[in-house]
Amino acid sequence: MAGTTRQLSGAPATLPMMLKAALPVVPGVGSLPGVRRAGDALPDLTLVRKGVPLDRDHVAAYAEVCGFGLKETVPLTYPHMLAFALHMAIMTDGDFPFPAMGMVHLENTITQHRAIGAGETLDVSARPTDLRPHPKGMLFDIVTDVHANGELVWEETTTLLRRGRSHDDAAPSPLADLETVPGTGTTWRLPADLGRSYAAVSGDHNPIHLYPLTAKALGFKRQIAHGMWTKARSLAALEGRLPDAVRVDVAFKKPVFLPSTLAFGSRAVEHGAKRPDYDFALTSAKNGAPHLVGRTRAL
């Protein structure tokens with residue numbers, strides 16, 4: 001049976017979707033018809049936004065929060081901002097089998113085929129795929145494609161975990177070989193309000209990122225940084241050293257509780273490219289525990 005492609009006329013509002021995402025985990029509400037999530041298959045659904053203009057002011061605000069400089073091209077991670085609302089719309093769709101609240105972002109891969117100009121107009125699509133077992137539940141991907149004038153310029157695979165029954169025979173992740181690079185002298189002090197600052201530009205108002213009280217309600221001792229902020233901040237530290245055509249893989253390890261101090265480490269990996277590739281990591285400045293491990297590879 002052919003899948004469903006749904007074209008949206010504008011960006012879905014993320015705050016109402018956050019409220020909708022929370023309903024299935026509210027005691028007494030999550031079992032109500034129309035709210036309860038059940039099933040064991042992802043919907044064959046693609047959401048599309050066409051003719052999305054880039055807002056230079058928003059790009060600048062995002063760059064400031066994440067540590068990028070201002071250029072005539074957008075930061076490598078910026079198109080995720082255009083896709084996040086589509087991701088939320090997929091996970092709050094009536095046919096989606098799991099509650100969106102409580103998902104764990106485990107891995108993220110971005111492939112940029114060329115730099116994207118700050119004045120371009122883009123077509124953005126997202127779809128869920130590849131539900132598979134994991135030792136702590138089930139994994140699935142949300143795949144995002146970004147086109148400019150019919151040309152694929154950027155793509156992303158967001159890997160999410162739905163905690164549940166263990167699967168000890170699950171295949172290992174292709175990113176299992178990412179290594180932790182110790183800090184190389186750069187440290188960042190992350191303020192307590194970082195989650196709110198990033199939410200203001202990203203639309204990701206998940207309560208686990210906002211305040212100690214809202215994070216505790218969902219099982220965290222206090223608020224945590226957004227994983228995509230840690231990826232963006234790491235790439236901002238490598239800005240100017242990466243080619244325009246590049247793939248960036250990261251695995252998110254331990255949550256970053258706010259406030260905290262992180263150490264950034266990177267090392268060049270020579271593969272015969274015009275510019276070197278990099279392995280990099282964010283670790284605790286206190287004990288070296290890994291929060292993010294990643295690599296860049298020229299295309």
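Residues checked against (1) in a strand (DSSP E or B); (2) within 22 Å of residue 173 (Cα to Cα); (3) in contact with a helix residue (DSSP H, G or I) (Cβ under 8 Å, 6 or more places away or on another chain); (4) touching a residue at least 24 places away in the same chain (Cβ under 8 Å):
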site	(1), (2), (3), (4)
62	no, no, yes, yes
65	no, no, yes, yes
85	no, no, yes, yes
93	no, no, no, yes
96	no, no, yes, yes
105	yes, yes, yes, yes
111	yes, yes, no, yes
query: How many residues does region 259-278 hold that are more than 22 Å from the chain's Cα centre (by Cα) and farther than 17 Å from residue 186 by Cβ?
result: 8
- prompt: Tell me, which residue of region 69-80 that is under 17 Å from the mean Cα position of the chain (by Cα) and assigned to a loop (DSSP other than H, G, I, E, B) is surrounded by the fewest Cβ atoms within 10 Å (Cβ to Cβ)?
  reply: 78
- prompt: Applying the selection to region 1-31, what residues are farther than 23 Å from residue 130 by Cβ, part of a loop (DSSP other than H, G, I, E, B) and either in contact with a helix residue (DSSP H, G or I) (Cβ under 8 Å, 6 or more places away or on another chain) or modelled with pLDDT of 75 or more (or both)?
  reply: 9, 10, 11, 12, 13, 29, 30
- request: Using the structure shown, decide if residue 239 is surrounded by fewer than 18 Cβ atoms within 10 Å (Cβ to Cβ), within 18 Å of residue 68 (Cα to Cα) and assigned by TED's automatic domain parsing to the domain that holds residue 296.
  value: yes
message: Criterion first (under 19 Å from residue 280 (Cα atoms) and outside any loop (DSSP other than H, G, I, E, B)) does residue 189 satisfy it?
response: yes
message: I'd like the full set of residues that are out of contact with any Leu (no Cβ under 7 Å at 6 or more places or on another chain) and crowded, with 17+ Cβ neighbours inside 10 Å, limited to region 85-96.
response: 85, 87, 88, 91, 92, 96
- prompt: How many residues, within region 144-172, are of a type in the set (Gly, Ala, Ser), surrounded by 15 or more Cβ atoms within 10 Å (Cβ to Cβ) and closer than 30 Å to residue 97 by Cα?
  reply: 1
- request: Tell me which residues, restricted to region 211-235, are surrounded by fewer than 18 Cβ atoms within 10 Å (Cβ to Cβ) and among the aliphatic types (A, V, I, L, M).
  value: 213, 217, 218
message: Considering only region 168-184, I want to know if a residue exists there that is in contact with a strand residue (DSSP E or B) (Cβ under 8 Å, 6 or more places away or on another chain), in a strand (DSSP E or B), of a type in the set (Asp, Glu) and in contact (Cβ under 8 Å) with a residue 24 or more places away in the chain.
response: no
- line: residue 146: passes all of (1) modelled with pLDDT of 95 or more; (2) over 20 Å from residue 8 (Cβ atoms) but (2)
- prompt: In the set 251, 281, 285, which member is small (Gly, Ala, Ser) and over 17 Å from the mean Cα position of the chain (by Cα)?
  reply: 285
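The values are calculated or read from the model by the stated rules, or taken from the named source; none is laboratory data. It should be emphasised that the depicted structure is a prediction, and the values quoted were computed from it without experimental measurement. Here the Cβ is made from the backbone with ideal geometry for all residues, glycine too, and neighbour counts use every protein chain on show.
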